[in-house]
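All of the numbers you see were taken from the coordinates with simple rules; none came from a lab. Predicted model, so just to flag it, every value in this text is computed and none were measured. Methodologically, a virtual Cβ is constructed for each residue, glycine included, from the backbone with ideal geometry; neighbour enumeration extends over all protein chains shown.
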Amino acid sequence: MYPVTDLDAGKKWYSDIFGTVPYFSEPYYVGFNIGGFELGLVPDGSPGRNGARVYWGVNDVVKELERLLTLGAKLHEEVQDVGGGIKVASVVDPFGNVLGIIENPHFDPKAVR
């Protein structure tokens with residue numbers, strides 16, 4: 001996820017550079033499917049090197065969050081339904097890194113390049 005100060009300008013710029021339009025576009029989140037991977041834009045936060053967060057695709061975000069917590073991760077963000085059947089959560093790994101997970105029914109693993 002990349003924070004942007006102007007969501008419409010960010011949507012246009014990323015549409016232009018990847019040659020595709022978002023599959024999901026709301027005032028709180030814009031989602032692109034780039035080769036089967038999520039590229040998300042959010043209107044809050046501070047753009048910069050510390051502003052982006054990677055989300056790893058999982059089949060069941062609730063079960064995976066439970067598994068990560070049992071393996072020593074600390075809860076960072078509870079499961080959130082962000083619309084369109086998409087659910088996200090995040091943990092802090094034992095080293096202090098934020099690790100995001102996403103359950104997204106719009107992804108097609110066969111589209112990964």
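The chymotrypsin sites (Phe, Trp or Tyr not before Pro) of segment 1-49 that DSSP puts in a loop, and whose beta carbon has at most 14 other beta carbons within 10 Å, are Tyr23, Tyr28. Averaging Cα coordinates gives a centre for segment 6-47 and one for segment 65-109; these two points are 20 Å apart.
Averaging the sequence gap over all C-alpha pairs within less than 8 Å and six or more residues apart, then dividing by the number of residues, gives the chain a relative contact order of 25 percent. The reciprocal of the average 1/r between distinct C-alpha atoms defines the Kirkwood hydrodynamic radius, which for the chain equals 14.7 Å.
In order along segment 76-83, the Karplus-derived 3J(HN,Hα) couplings, from 6.51 cos²θ - 1.76 cosθ + 1.60 at θ = phi - 60°, round to 10, 9, 4, 4, 10, 8, 9, x Hz, and Gly and Pro are given as x.
Residue-wise HN-Hα couplings along segment 29-37, as the Karplus relation 6.51 cos²θ - 1.76 cosθ + 1.60 with θ = phi - 60° gives them from phi, are 6, 10, x, 10, 9, 10, x, x, 10 Hz; Gly and Pro carry x. Could you work out how far helix 61-70 tilts from the main Cα principal axis of the chain, as a 0 to 90 degree angle to the nearest 10? The helix 61-70 is inclined about 40 degrees to the chain.
Within segment 53-113, the proportion of C-alpha pairs whose separation exceeds 17 Å stands at 36%. Here are some pairs, Lys12/Lys110; Lys12/Lys63; Lys11/Lys110; Lys11/Lys74; Lys11/Lys63; which of them have Cα atoms lying more than 30 Å apart in this structure? Exceeds cut-off: Lys12/Lys63; Lys11/Lys74; Lys11/Lys63.
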